[in-house]
Amino acid sequence: MQGPYVDCSKPFKKTTECHECGARFKKGEEKAVIEIVDDPWATKPRIIAVHSDNEQDGSYGSCLDHLTDTSWNDHRYMECPLCERMVLMHNGWRPYFKTSGGEEICVRCYQELRLADGEPKAALEDGNVPGDFYNVADISAHGWTAVSGYQGFYITGKPSAMAFCGAALKLITEGHKALVNYDRMGIGGGEGYVSLYVKA
């Protein structure tokens, strides 16, 4: 059963009770006040508080520890090394972190990098289709042009992925930048529809 809809883009401040365990703070209890974002594109953070010194035998850490502990729940927070925000790692539909340059960064920072510079050549060479779910208006606003024959391209396995990546690599070899938008992509990136964009 799902709970009520929560608009994750709206900021709030809630420091009278613990964001993790829900208990109201008692006088003298240690707490950490933290800014978090449940939506990487949020312009303002939510301000929460968590117990910072309530670890007990068998509790496997304090509420502060649990905030980033993925051993028991995927819906935890992680600090993005680029924007230095504490961002929700996964919203249940998609991950909010992607690997870029060997480190995990939030998808907002990932998209900002890719919209500026395109896909790295190395990301295409193994035949795995890189990319993300972009807003088409953002793609256009950053000067990208659709590549004819590679819009809504159906990826069905390794041969089609290699063909698509080959087209992107050809553009890069010719001195252009290439960007991959996931139109509709299955979890894991093995099958779905993608589009290729180019700019000088």
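Of note:
- In the stretch 157-200, the residues that are within 19 Å of the chain's Cα centre (by Cα), part of a loop (DSSP other than H, G, I, E, B) and aliphatic (A, V, I, L, M): Ile187
- For the stretch 84-130, the candidate set comprises residues that are charged (D, E, K, R) and in a loop (DSSP other than H, G, I, E, B); within that set, the residue that is nearest to Ala42 (Cα to Cα) is Arg85.
- Selection within the stretch 59-102: residues that are in contact (Cβ under 8 Å) with a residue 24 or more places away in the chain and exposed (fewer than 14 other Cβ atoms within 10 Å of the Cβ). The member of this set that is nearest to Glu30 (Cα to Cα) is Pro81.
- The set of residues in the stretch 132-186 that are basic (Lys, Arg) and under 24 Å from Ile105 (Cα atoms) comprises Lys177, Arg184.
- Residues satisfying the stated conditions in the stretch 131-179, i.e. among the basic types (Lys, Arg) and either under 29 Å from Trp41 (Cβ atoms) or touching a residue at least 12 places away in the same chain (Cβ under 8 Å) (or both): Lys158, Lys177
- Of the criteria (1) touching a strand residue (DSSP E or B) at 6+ places or on another chain (Cβ under 8 Å); (2) more than 19 Å from Leu82 (Cβ to Cβ); (3) surrounded by 14 or more Cβ atoms within 10 Å (Cβ to Cβ), which one Tyr154 fails: (3)
Taken together, the values in this text are just the output of simple stated rules run on the coordinates, not laboratory data. Please read these numbers as outputs of a predicted model, since none were measured by experiment. Every residue, glycine among them, receives a Cβ derived from its backbone with ideal geometry; neighbour counts consider all protein chains shown.
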